[in-house]
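Engineer: A single structure is presented below for examination.
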Amino acid sequence: MRKSKTLPHTFIDPVCLIQVDPSSKNIMFTYQMRTYYFCAEKCREDFLKEPHKYIKRRTDVDPVCGKEIEHRPTIPHITARYQGKFYHFCSIDCKDRFEKEPEKFAK
């Protein structure tokens, strides 16, 4: 079984939707009093051209309990990575259940 990798205190790049660690050297930009983190300068440039396109409400579903989770790039998420895919959770308990049996919950 492959262990999932958790990245604590991460944010989602609003353009490409990958996790960005704010403690690493990365690109950020404040727009309408919120700070957004980007994985690359290209993503920041795309955001600057059409910010409204990237700050729309986006949701995902917790693979363990089925609860809908709202994704906003400025809010840290409880996240795990399994077989190259990121999974988002509503709680630490759901993440822990997932990490014990990821093959049961991964789609």
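Engineer: Please count how many residues of the stretch 50-68 are modelled with pLDDT of 85 or more, at negative phi and part of a loop (DSSP other than H, G, I, E, B).
Structural biologist: 6
Engineer: How many of the residues in the stretch 84-107 are within 14 Å of the chain's Cα centre (by Cα) and touching a residue at least 60 places away in the same chain (Cβ under 8 Å)?
Structural biologist: The qualifying residues number 3.
Engineer: Could you tell me whether Cys43 is touching a residue at least 12 places away in the same chain (Cβ under 8 Å), under 23 Å from Tyr87 (Cβ atoms), out of contact with any Phe, Trp or Tyr (no Cβ under 8 Å at 6 or more places or on another chain) and assigned to a helix (DSSP H, G or I)?
Structural biologist: The answer is yes for Cys43.
Engineer: Please enumerate the residues belonging to the stretch 33-49 that are at pLDDT 90 or above and exposed (fewer than 15 other Cβ atoms within 10 Å of the Cβ).
Structural biologist: Glu41, Lys42, Glu45, Leu48, Lys49
Engineer: Would you confirm whether any residue within the stretch 7-14 is assigned to a strand (DSSP E or B), modelled with pLDDT of 85 or more and touching a strand residue (DSSP E or B) at 6+ places or on another chain (Cβ under 6 Å)?
Structural biologist: Among the residues of the stretch 7-14, not one is assigned to a strand (DSSP E or B), modelled with pLDDT of 85 or more and touching a strand residue (DSSP E or B) at 6+ places or on another chain (Cβ under 6 Å), which makes the answer no.
Engineer: Continuing with this model, one more query. Could you list all residues from the stretch 85-107 that are part of a loop (DSSP other than H, G, I, E, B) and either under 24 Å from Thr30 (Cβ atoms) or modelled with pLDDT of 85 or more (or both)?
Structural biologist: Cys90, Ser91, Glu101, Ala106
Engineer: Of the numbered conditions (1) farther than 30 Å from Glu103 by Cβ; (2) modelled with pLDDT of 80 or more, Val20 satisfies every one except a single condition; which is it?
Structural biologist: Just one mismatch for Val20, condition (1).
The values are calculated or read from the model by the stated rules, or taken from the named source; none is laboratory data. Predicted model only: the values in this text are computed from it and were never measured. All Cβ positions, glycine included, derive from the backbone under ideal geometry; neighbour counts span all protein chains shown.
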